[in-house]
Amino acid sequence: MDRYTVFYDDECGACARIKAALAALPTHLPVRYVPLRSAEGQERGRALPRFGDDLVVAHDDGRAWVGPAAFVVVLSTLWGLRLLSWVLAEEPLRPLTLGFFSWLSDNRGRLAPLLGARCEHGACSLPHPYR
Amino acid sequence: MAMKQVEHVQNKRVTAMPPTIQIDHTPHIYGVYALASVALTVWLARVLQKNGQVFLERVFRDDAEFAASVNRLLVVGFYLVNFGYACLHLAGKPAYDMRTAIELLSHKLGELLMVLAAMHFGNLWLFNRIRKSAQNDAPPLPASARIAPAARAEGAPA
């Protein structure tokens, strides 16, 4: 059975808000949301360079998607959005999609107030390591 | 001298002929084009809707309502793109003879048919993508990294 784990930054207010919204949506595959700094996050993410700097989605078998690609994989697990995720991941839309999610990730600090969220300890302004 | 006079009279007769009346066939072309584009688009959309419904119901066995919804959205998109293109493509040069009129109509219909064909194959491609993504739950993008499998960290508290 495919199961995905989303490692999100729980200190980033915007990330936590988005996670809460996503977690409330129905999925067609089992998805767990685990904070990056949790014991499981630290245990599983140890092998990944700069783990904790960006959203990471991991399959139970160890395959991982980092940064913008992780957003697309999260979309693909949501009920009714799988088709959209496939279309967005196809050429010629793929660079635009990845660029959009990259921009979203880079600007999470600015977007946080729009979502009514706060970013403690500057967590939302972490540099994007996968540009 | 007499010959010159005759030639003069003939010349006068030629110039005195009424000018040829030029009929602009463009409105007729517009009418035929509009009817043909509506008929072709509606026919193809119905074919797509009928066959697409069967296809999507088979793909989304667990959710027939979702299949019907996707199908309707695809057909609406199909109508919008094709009618939009047909409207934008209506304008053309005036055609004062039947040959030019037929060529103009043929050109316009040919371009419309090419767009319809592109949309049709685009829909087939999309249906194929839906089928593939529904058959396996593989993610849309390849993995970019590897971390420890879940089994090793299963016991770790979240």
Take the residues in the stretch B:52-76 that are surrounded by 14 or more Cβ atoms within 10 Å (Cβ to Cβ) and away from chain A (no Cβ under 14 Å), then tell me which one is modelled with the lowest pLDDT.
B:E57
Over the stretch A:40-56, the set of residues within 9 Å of another protein chain (Cβ to nearest Cβ), open to solvent by less than 50 Å² (accessible area, probe 1.4 Å) and of a type outside the set (K, R) is A:E40, A:G41, A:G45, A:L48, A:F51, A:V56
What are the pairs with Cβ atoms under 8 angstrom where one residue, in the stretch A:44-64, is part of a loop (DSSP other than H, G, I, E, B) and the other, located anywhere, is of a type in the set (S, T, Y)? Sequence gap at least six, or different chains.
A:D54/A:S105; A:D54/A:Y130; A:L55/A:Y8; A:L55/A:S105; A:D60/A:Y4; A:D60/A:T5
Is it the case that A:A89 is within 12 Å of chain B (Cβ to nearest Cβ) and over 20 Å from B:I147 (Cβ atoms)?
yes
Out of the residues in the stretch B:130-150 that are within 7 Å of chain A (Cβ to nearest Cβ), at pLDDT below 70 and assigned to a helix (DSSP H, G or I), which is surrounded by the fewest Cβ atoms within 10 Å (Cβ to Cβ)?
B:S133
Do we find a residue being of a type in the set (A, V, I, L, M, F, W, C) and in a helix (DSSP H, G or I) anywhere in the stretch A:33-40?
yes
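The values are calculated or read from the model by the stated rules, or taken from the named source; none is laboratory data. A quick note: this is a predicted structure, and the numbers were derived from the prediction, not measured. All Cβ positions, glycine included, derive from the backbone under ideal geometry; neighbour counts span all protein chains shown. Side chains are part of the model used for accessible areas, which takes the heavy atoms of the whole protein and leaves out ligands, DNA and RNA. Shrake-Rupley method; radii C 1.70, N 1.55, O 1.52, S 1.80 Å.
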